[in-house]
Amino acid sequence: MPVAMHRADSTFASIALSLAVGVSALIAASSARAEFDPYMVRNLRVSASAADAVAAKAEAMAEAARIGAARVIGRIAVGAETERAADIDAVEAEKLISTIEIAAETIGRTGYAAEVNLLFSPLLVRGYLARHQLGVADVPAPLILLVPILFENGVPRAWEAAEVWAQALRAAGMEEGLTPVVLPRNSRYDRQADLDRIIAGDRIALQELRIRYRAQGVVVARLDTESSTSAMLLGLRGEDGAGAIDLTMEIGDGGFAGAAGRVAAALSGRWKAAIARRAGVTIGIDSSMPVRVLFAGPDGWTQLRQRLERSKWVTGLAVEGMEASAANVVLWYSGRLDDLPRRLAEDGLDLFQAGNAWLLQSY
């Protein structure tokens, strides 16, 4: 049976920036992936060697936290500083974890290996991103059919003949991001399709594929290669979650893997930009406030934080200082401050003023 371990939240550095998260208008578009949690990293394998098994496990868990946090940040962050924010150290990453589940582990005298599932706190991740002037786009895009077409010295290859290109696209891990894709099964129905019409982006030909694979859109990923050079030309044509797409880009190095990475980045960037346009994700100064949180021990803090995470009025949280029965935090919130105490009361939280300070506790 999996073993669940809960991490206590630690100290955060002070925060002066804020974020606004407004993606509810796009939830219906992602109903096909309702089970997908953008704050969850599954089946992450880690291993380490050290002086003893205990030290090796600690090292492996730290590495899991770092890798997991980087994946979540890269997945949902919106803004120019995303890459910098994803370069997170293990200590900072561990502060963002809600739970760690060890699905399998192997313990040796001086080694440790495990497969883990990590769930990160949405509220704490948003607080971390706010410090880096980043917004959040955490609604998955609808499923897209990605059709690999490989041109070798001008000769088009598709289905099984383009398998080397298809394998690179599968390895890009797009199913782990906000832009899930499915690749053709190379069935006889696929092979009977008019390849010239598919390459040309014919709407009827792409519509037939979309219906067959129950996808919301179809994107043809054309990669042109020449035996005389390592450079490639990548083209994306069709319709993804953000709308019509017609992109061409040169791939100077990196081979098939590099080209697949550019596909993943293009689809992800377009989807995040669409969320920002349609749902009001903004980056800049927003409503935030320092709060002194009161609770009874670790369990009390966990309960209070869970209530904050359930509240639709609190959009971000950062812990600046943690004590045995109190914490200094920064809250980001939506709406007006004078309405916030009443709204939080609906979630079992008591927000009140004492002099010039704001205090928060559970009812």
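No value in this document is a laboratory result; all are computed from the given coordinates. Remember, predicted model here, so these are calculated numbers, not experimental data. Positions of Cβ are generated from backbone atoms using ideal geometry, with glycine treated the same way; all protein chains shown enter the neighbour counts.
Global size of the stretch 144-279: 14.2, 46 Å for Rg and Dmax (C-alpha atoms, Rg to one decimal, Dmax whole).
Scalar couplings 3J(HN,Hα) for the stretch 131-146, obtained by applying the Karplus form with A = 6.51, B = -1.76, C = 1.60 to θ = phi - 60°, are 4, 9, 6, 10, x, 10, 10, 10, 9, x, 6, x, 5, 10, 8, 9 Hz; x denotes Gly and Pro.
Stretched out straight at 0.36 nm per residue, the stretch from Arg212 to Glu320 would grow longer than its current Cα-Cα span by 33.7 nm. When Thr248, Thr302 are arranged by Cβ crowding within 10 Å, least crowded first, meaning fewest neighbours, the order is Thr248, Thr302. Relative intensity of the stretch 287-362 on a log10 scale, I(q)/I(0) at q = 0.21 Å⁻¹, equals -0.90, per a Debye sum over C-alpha point scatterers of equal strength in the absence of solvent. Rounded to 0.05, the FRET efficiency of the Gln353 and Arg170 pair, given R0 = 56 Å and the Cβ-Cβ distance, is 0.50. Taking trypsin sites (Lys or Arg not before Pro) in DSSP loop states with no more than 15 other Cβ atoms inside 10 Å as exposed sites, the chain has its longest site-free stretch at 1-108.
Could you state, as a whole-number percent, how many of the C-alpha pairs of the chain are farther apart than 27 Å? For the chain, the share of Cα pairs beyond 27 Å comes to 55 percent. Over the chain, dividing the summed -39,500 (n - 2.57) contributions of all DSSP H runs of at least 4 residues by the number of residues returns a 222 nm mean residue ellipticity of -10000 deg cm²/dmol. Normalising the Debye intensity of the stretch 69-171 to I(0), with uniform scatterers on Cα atoms only, and taking log10 at q = 0.10, 0.11, 0.13 Å⁻¹ returns -0.50, -0.59, -0.74. Projected onto their three principal axes, the Cα atoms of the stretch 59-125 cover extents of 44, 19, 17 Å, largest first. Computed on the Cα trace of the stretch 133-181, the radius of gyration divided by the Kirkwood hydrodynamic radius gives Rg/Rh = 1.15.
Given the options Ala221, Ala51, Ala265, which has the most mean-square fluctuation in a GNM of the chain, springs set between C-alpha atoms less than 10 angstrom apart? Highest fluctuation among the options: Ala51. What is the helix-to-structure angle for 53-76, meaning the angle in degrees between its Cα long axis and the longest Cα principal axis of the chain, kept from 0 to 90 and rounded to the nearest 10? For helix 53-76, the angle is close to 70 degrees.
Percent of alpha carbon pairs in the stretch 22-137 separated by more than 24 Å? Here the long-distance tail beyond 24 Å is 33 percent of all Cα pairs in the stretch 22-137.
Under a Gaussian network description of the chain, with springs only between Cα atoms under 10 Å, the residue in Leu146, Leu96, Leu337 that fluctuates furthest is Leu337.
Working note: Karplus 6.51/-1.76/1.60 with θ = phi - 60° gives the stretch 84-90 the couplings 5, 5, 6, 7, 9, 8, 5 Hz, where Gly and Pro are set to x.
Once the mean of 1/r is taken over each pair of separate Cα atoms and inverted, the stretch 172-231 shows a Kirkwood hydrodynamic radius of 13.4 Å.
Working from label points 7 Å from Cα in the Cα-to-Cβ sense, the Met289 to Asp196 distance is 6.8 nm.
Taking R0 as 41 Å, what FRET efficiency do you get between Glu83 and Thr110 from their Cβ-Cβ distance, rounded to the nearest 0.05? Display every interim value, and only then the final one.
Values: r = 35 Å, r/R0 = 0.85.
Result of the calculation: an efficiency of 0.75.
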